[in-house]
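Colleague: Starting off with a structure, shown below.
Only the coordinates and a few stated rules stand behind these numbers; no lab work does. Not measured: the values here are computed from a predicted model. Quick reminder, even Gly has a Cβ in these numbers, built from the backbone with ideal geometry, and neighbours come from all protein chains shown.
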Amino acid sequence: MADPRSYLKKHTEALVKDVGVEAAAEISGKSKATLGRYYSDHPEHADRFMPVDTVAALEEAARFPHVTTALAELRGVTLSYDTQRRNTRSGGVNADVIKLSQRFAMLMAEYNQSIEDGVISINEAKRLLRETVAIQQVLLEMKLNLETDHGRVDG
């Protein structure tokens, strides 16, 4: 990628315009001019980028996580965006463990059905991938619940 700064600024602009400049200013507590500086390509604003807490607040209101996706793409990471699940608080860790075991059971059932003839077809692989992504989402929710309930614990 030629210029990651320019790439981030373009996605920051897309985020602000997705939410709407007026609404973005209200949500972020920043002026419209300040928001404009975050995505301006003028040399005097080259080193100005939107703070991460502002990105998070705006992406909560946006239809798509523009800046988060851009950051992931810059690192070669692929994200899976599920419009049905937007960080809604679940029933806590116990509920997450139950969901995880249910999703894993579904994955194993799908695998057993897929491998019956000794070959996993394209459609079977797609179903296995969907189940794997569902497990990944449950694990992410579980991680967020643990961090919310017990603070971030490294190690």
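Colleague: Given the conditions (1) free of Cβ contacts under 8 Å to residues at least 60 places away in the same chain; (2) crowded, with 18+ Cβ neighbours inside 10 Å, report the number of the one that L8 does not fulfil.
Modeller: Going through (1) free of Cβ contacts under 8 Å to residues at least 60 places away in the same chain; (2) crowded, with 18+ Cβ neighbours inside 10 Å one by one, L8 breaks only (1).
Colleague: Is there any pair linking a residue in region 13-42 that is over 9 Å from L58 (Cα atoms) to one that is acidic (D, E), with Cβ under 7 Å and at least six apart or on different chains, and which?
Modeller: Between residues of region 13-42 that are over 9 Å from L58 (Cα atoms) and residues that are acidic (D, E), the close pairs are Y39/E13.
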